[in-house]
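The values are calculated or read from the model by the stated rules, or taken from the named source; none is laboratory data. Please read these numbers as outputs of a predicted model, since none were measured by experiment. Cβ sites come from the backbone with ideal geometry, for glycine too, and all protein chains shown count toward neighbours. Quick note on the areas: whole protein, heavy atoms, side chains included, nothing else; ligands and nucleic acids left out. Shrake-Rupley method; radii C 1.70, N 1.55, O 1.52, S 1.80 Å.
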Amino acid sequence: MKTIKKYYIALVLAVSTVFGFAQKQPNIVLLFADDISARELPVYGSTVWSLPKGGELKGGNTSDTQYKAQTPVLDKLANEGCYIKTAWAATVCGPSRAMMMTGRYAHLHKWWHNKDKGKAPNGKGHWDLFDSSPHSIAHVAKAGGYATFWAGKTQMNIEGFDFDEGCFTPGEGSYNKAIHTTDFRLETRKETGKKKIFNADTGKALTQKSYVQSGWYWKPHVQLMNHPDTSERLVWWPNTKASKKKFGLNTFGPDVELEYIFEFMERKQKENRPFFVYHTSHLGHDAFDFLHPESGNKWPGTPKISWDGKKYTRTNPKVTGDNGVYNTYGTITEDGIHTHVNYLDYQVWQYMNKFKELGIENNTIFIFCADNGTSGYGKSSPISQTGTHVPLIIYAPGMNLTKKGAQNVLANISDLVPTIADLGGVTIPESYEVNGESLVPFLTTDKPKHREWIYGYHKETTLIRGDLVMKDGNNVWYDVSKEPADLISFPKIKDWTKVSEAHRKERDELQDIVSRFDYHATAHDAPIDGYGKVMPLVRNN
């Protein structure tokens, strides 16, 4: 922690006048969903979305409206606030979360892919993000005077990020590890000399393909960090008589996350202290369906919800049974990414109600985005922008936004760190390379464009896009001057003489930009001298 603290000194706190609100920094809630392509949100207008994969369905694409998400709240926020039509992440979760948390690309933090990370300076293990990139999202928010809360998925060492509190599902270290609260877990065991994956709930080896995991949806693994009601830094939940009484098969992990987020917000509002919530929801991510272990479901169902045009009603789940045989009594939805997106919309509705209840609806900025494309469609795909194209919605009522509704501009999730710095009145040192660009000037002035280009990566491959052309991870070039109905089927450029001179000029510019970041082969690992320069700083990005 000493290493991290010394970098606080370099962050300069200024008086915040962002969005014309000078007396106090706006609260910030960043909801970072998991594995959800932009096309899954109706507001993006795609004619195609993803099918479930359980039962008789085999996944793939569909235009059947019964599998289209219904998101009245997110639609409203996108149109009354704004949404970026072309926002990019990396192609898979680990590198995307690294980009989000650092505002930097893999040539600096060395998270090239989930299982392709640069070695630490001492050659042991991979380089932690808080060491490679000390001005992380947590540190920038803290320097801006925010109380900070991290909820949901971690997927990294949490100890070096100085969030004040947290609620993790599952908590760090719970993968493939038995805990006392729940047996909803897949684990590896040896059987006749071979490693196999077993369902700890039933004790049976899996008959379908899956991966080692703890349960983060039903009867979830939950860990609290620095909760004021406990003297320990990390505790497994449920940890009180009341929470133990209500915990069980009916407990849905995303609900627990939101409960603790709201409790944190209430406490900070009473303290008259601005807060930053980093909500990395699992919703959208595939998982083993412990309530239907033989189904092959890809996206376990959520509690049923209904929208009457003004408000949501949630059906209280009822689940009984044990050892893999369960009855849900029709209280839980079917399998499908659309059901997860629907539940996210319900949770966003809860957020809006909570802001109003606390009297902070006009001083809270809400940002919704995702880490990469939908599993089975875009996740970990370098093809076109299937892996990188994610939703990005920004809602800030009561503040001086100059942009409303659809914004036909380019953005990157690396932009969120400098955006949060701007919102908190924090100046990141010029000597420290940040690859993101703050969205604040675009959102609050008559500036017509945000970025000239956006960048992504997939292991050793690079992806880049401008207004006219795009190069994917397979070095295929596309004409992106017009948006196709499915948001993805751009025409390939096979003969450069058949496109405009402007297309060719942009191609040459993008090729030059990519060379600044293409260090997988030559600088894969951390520099020997720790924080020494890996390559020249990139400031004009």
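Size of region 339-402: Rg and Dmax of its alpha carbons, in Å, are 15.3, 45.
Near Ser381, the amide H atoms lying under 5 Å from its own belong to Gly387; only residues 5 or more places off or on other chains count, and H is placed 1.01 Å from N. A straight line joining the Cα centroids of region 120-145 and region 219-273 runs 26 Å. In the chain, what percent of the accessible surface is made up of carbon and sulfur (1.4 Å probe, ligands and nucleic acids excluded)? Heavy-atom surface of the chain belonging to carbon and sulfur, 1.4 Å probe: 50 percent. Report note on the peptides 24-36, 436-448, 236-248, 100-112: ranked by the mean count of other C-beta atoms within 10 Å, highest first, their order is 100-112, 24-36, 436-448, 236-248.
Placing unit charges on the Cβ atoms only, positive for Lys and Arg and negative for Asp and Glu, gives region 372-472 a dipole magnitude near 360 debye about its Cα centre. The trypsin sites (Lys or Arg not before Pro) found in region 284-354 that occupy coil by DSSP, while having at most 12 further C-beta atoms within 10 Å, are Lys310, Lys311. Taking 0.36 nm per residue of separation and subtracting the current Cα-Cα distance, fully stretching the chain between Glu294 and Ser306 would add 1.5 nm. Length gained on full extension, Ile528 to Ser210: 110.7 nm, using 0.36 nm per residue less the C-alpha separation. Shown here for region 302-333: chymotrypsin sites (Phe, Trp or Tyr not before Pro) in loop regions (DSSP other than H, G, I, E, B) with at most 16 other Cβ atoms within 10 Å, namely Tyr329. Assuming 0.36 nm per residue, please report the length gained on full extension of the stretch Lys404 to Asn475 beyond their Cα-Cα distance. Going from the current span to full extension adds 22.1 nm. Farthest towards the positive end of the charge dipole of the chain, among the residues Met352, Val92, Pro121, is the Cα of Pro121, using unit charges on the Cβ of Lys, Arg, Asp and Glu.
Residues whose amide H lies under 5 Å from that of Ala151, counting only those 5 or more places away or on a different chain, are Cys167, Tyr278, His279, Thr280; hydrogens are built 1.01 Å from N in the peptide plane. Computed about its Cα centre, the charge dipole of region 28-183 is approximately 520 debye, with only Lys, Arg, Asp and Glu carrying charge at their Cβ.
Here the 3J(HN,Hα) profile of region 122-133, calculated from phi with Karplus coefficients 6.51, -1.76 and 1.60 at θ = phi - 60°, is 7, x, 10, x, 8, 6, 5, 5, 6, 8, 6, 9 Hz, Gly and Pro shown as x. Among the GluC sites (Glu not before Pro) within region 190-262, those in coil by DSSP and having at most 15 neighbouring Cβ atoms inside 10 Å are Glu232. Between Thr188 and Ser489, the FRET efficiency estimated from the beta carbon spacing at R0 = 41 angstrom works out to 0.55. Packing order of peptides 511-518, 382-389, highest average first: 382-389, 511-518 (average count of other Cβ atoms within 10 Å over each peptide's residues).
When the C-alpha to C-alpha distance is required to be over 24 Å, the pairs from Lys204/Lys298; Lys58/Lys379; Lys244/Lys311; Lys85/Lys447 that qualify are Lys244/Lys311. Determine the per residue accessible area of the chain with all protein chains present and a 1.4 angstrom probe, expressed in square angstrom. Value for the chain: 39 Å² per residue. Counted by Cβ distance under 14 Å from Asn297, the other residues give a net charge of -2, where Lys and Arg count +1 and Asp and Glu count -1. The alpha-carbon of Lys270 sits under 20 angstrom from the alpha-carbons of these lysines, leaving out residues fewer than 8 places away in its chain: Lys24, Lys142, Lys354, Lys356. Approximating the spin labels as points 7 Å out from Cα along Cα→Cβ, the Arg273-to-Thr331 distance works out to 3.7 nm.
Ordering Trp218, Gly336, Ala138 by the projection of their Cα atoms onto the charge dipole of the chain, which places +1 on the Cβ of Lys and Arg and -1 on the Cβ of Asp and Glu, puts Trp218 at the extreme positive end. Taking amide H positions as modeled 1.01 Å from N, with prolines and chain starts lacking one, the residues under 5 Å from Thr302 and 5 or more places away or on another chain are Thr333.
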